[in-house]
1. Can you confirm whether segment 55-69 contains a residue that is open to solvent by 30 Å² or more (accessible area, probe 1.4 Å), hydroxyl-bearing (Ser, Thr, Tyr) and assigned to a helix (DSSP H, G or I)?
2. Might you let me know whether segment 231-238 holds any residue that is under 24 Å from Leu95 (Cβ atoms) and assigned to a helix (DSSP H, G or I)?
3. Exactly one condition in (1) more than 24 Å from the chain's Cα centre (by Cα); (2) over 29 Å from Tyr248 (Cβ atoms) is false for Ile228; which is it?
4. Mind listing whichever residues of segment 455-480 are under 14 Å from Lys436 (Cβ atoms), open to solvent by 10 Å² or more (accessible area, probe 1.4 Å) and hydrophobic (A, V, I, L, M, F, W, C)?
5. Every residue in segment 144-156 that is under 13 Å from Ile59 (Cβ atoms) and open to solvent by 10 Å² or more (accessible area, probe 1.4 Å), please.
6. Could you tell me which numbered condition Ser365 fails, if it satisfies all but one of (1) of a type outside the set (Asp, Glu); (2) touching a residue at least 40 places away in the same chain (Cβ under 8 Å); (3) part of a helix (DSSP H, G or I); (4) surrounded by fewer than 22 Cβ atoms within 10 Å (Cβ to Cβ)?
7. Output the residue which, of all residues in segment 74-105 that are in a loop (DSSP other than H, G, I, E, B) and touching a strand residue (DSSP E or B) at 6+ places or on another chain (Cβ under 9 Å), is nearest to Glu22 (Cα to Cα).
8. Does Lys412 count as among the basic types (Lys, Arg), modelled with pLDDT under 90 and either within 23 Å of Thr475 (Cβ to Cβ) or touching a strand residue (DSSP E or B) at 6+ places or on another chain (Cβ under 9 Å) (or both)?
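The values are calculated or read from the model by the stated rules, or taken from the named source; none is laboratory data. These numbers were taken from a predicted model, which means no experiment stands behind them. Here the Cβ positions follow ideal geometry from the backbone for every residue, glycine too, while neighbour counts run over all protein chains shown. Just the protein is used for accessible areas: all its heavy atoms, side chains included, with ligands, DNA and RNA removed. Shrake-Rupley method; radii C 1.70, N 1.55, O 1.52, S 1.80 Å.
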Amino acid sequence: MDEFEIRSYLLNCIKTNPKLIESKLKYEYKYLKPRKEFFEMKEYVDNFLKQINTDKFFIMPGIRGVGKTTILYQLYDYLINTKKIESSRVLYLDLERLKDEPNLNLLDFVDVFIKLINEKYQFTEESLFIFVDETQYASNWASIGKIIFDENVNVFTIFTGSNALNLEMNADTARRSIKKEVYPLNFLEYLNIKYNLDFSYNINEAIFELIFSGNINKIQDIEKDFQINSAQKIPHELKQEWETFIQYGDLPFGLYKKHVDLIKETSEIKNRVIERDMLLIDSFNTNTIISALSLINIIAKQKPGTISNNNLASKLDIDKNTIKNIFEILEKTQLIFSIDAYGSTIKREKKVKEYYFLSTQIKSSFFLIMGDVSSNYKQYLGILLENYVASTFFKLIKQHGNSIEVYYDSKKGGVDFIIKDLTSKAIPIEVGIGKKNKKQIKSAIKRYQADYGIIISDKTDQILKEDNVIFIPYTTFSII
């Protein structure tokens, strides 16, 4: 596009976006209440408008379907309808619509918006806002964000997109920007959106105290409050609602869809991650993409850690180095993530990694499409619970600067996870639905000279501590 074409395109966006976004929020997204990421970003917007601080460059990566676009729509609506900012000063630009444009240069669009369309605001204190969605389609977005930040005091920018955005960040971008990763919902966020269950609990401090000191007092009070509130607002048993959440509810786009439709749409998210996002990170031929789809199907149905790269290479008839490369790229998309075996560096290198899905909804879609649920429903829920626990630990690691370490226990008959911070001893954790006694966790406590161990299961309906074993109901753990 030349400058004239870009100006025409942006003026059309400015003209049509208010009605388009109003319609989306009113009909398609009408049930999606603002989540905590919206309120965090709203506070930054308010402070920027008041000129309280200079935080104005934000990056919002996240897996497809997690709700990034909805957050942008809600912020756009807030600016236009609550703060009464003229629509000409707020640009929502969806690069999905422009991805096939030859020689797409995001900077050209930004320059036209700031220097031509909003020329009169360029050197004033009036704020401009640029929200760029699906930013992964602009290969130079990080340098453009830096340029906007350095050259424009009054421009507030948010770049959202797949987790490929993380790979584009350099030291200059990281220093100037604030990154807000958007993750799948936890159980409490799901209940808040669906049933207006308040989530103003100070959970992080309490759960850290529980896990890393063994003190259950704070989390017991939160659990009691949570159980009372949920009993008042949820029309089903809490465990029944949890079963819906773990299968269909951690990606907010489908909270009110029919399950049969949601399963198909969730499966399509997986396909788009592999067929589109992987190619933004590395170049693969068609055969490798097909192998990646088959690989994901295999590991989704396998118990973590039970199949090696050599076995996978044999099953798929491709080179094991290609398998390794596919896994590395899939982890960069955050469709999946891996956990190493507990032990020395040499031991971890020798042992196979365990792979989990960031979203239990995506993992469950494999089982539901294949009809592999009814034969052993409790075992299936136990697999999803283990994945949810792993995903929760993964998010805790990301949110706390890698000061937490999580491993799996490679010993025969070992526990599911071993967690530690930089100063603590190993803390063994066992996860499951069905019969869970203390024998396995007691053995791990002794083996790793731990002060206590944790069982996350349906054995109890409230947090209990018996000797050196802490029992956490899976419904309580899932509000983290």
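1. Yes: one or more hits.
2. no
3. Among (1) more than 24 Å from the chain's Cα centre (by Cα); (2) over 29 Å from Tyr248 (Cβ atoms), the lone unmet condition for Ile228 is (2).
4. Leu464 - this is the single residue of segment 455-480 that is under 14 Å from Lys436 (Cβ atoms), open to solvent by 10 Å² or more (accessible area, probe 1.4 Å) and hydrophobic (A, V, I, L, M, F, W, C).
5. Residues satisfying the conditions are Lys146, Phe149.
6. (4)
7. First, the residues of segment 74-105 that are in a loop (DSSP other than H, G, I, E, B): 83-86, 95-105.
Okay, now just the ones that are also touching a strand residue (DSSP E or B) at 6+ places or on another chain (Cβ under 9 Å), so 85, 95-96.
Numbers: Ile85: 15, Leu95: 20, Glu96: 20 Å.
This residue is Ile85.
8. No, not satisfied.
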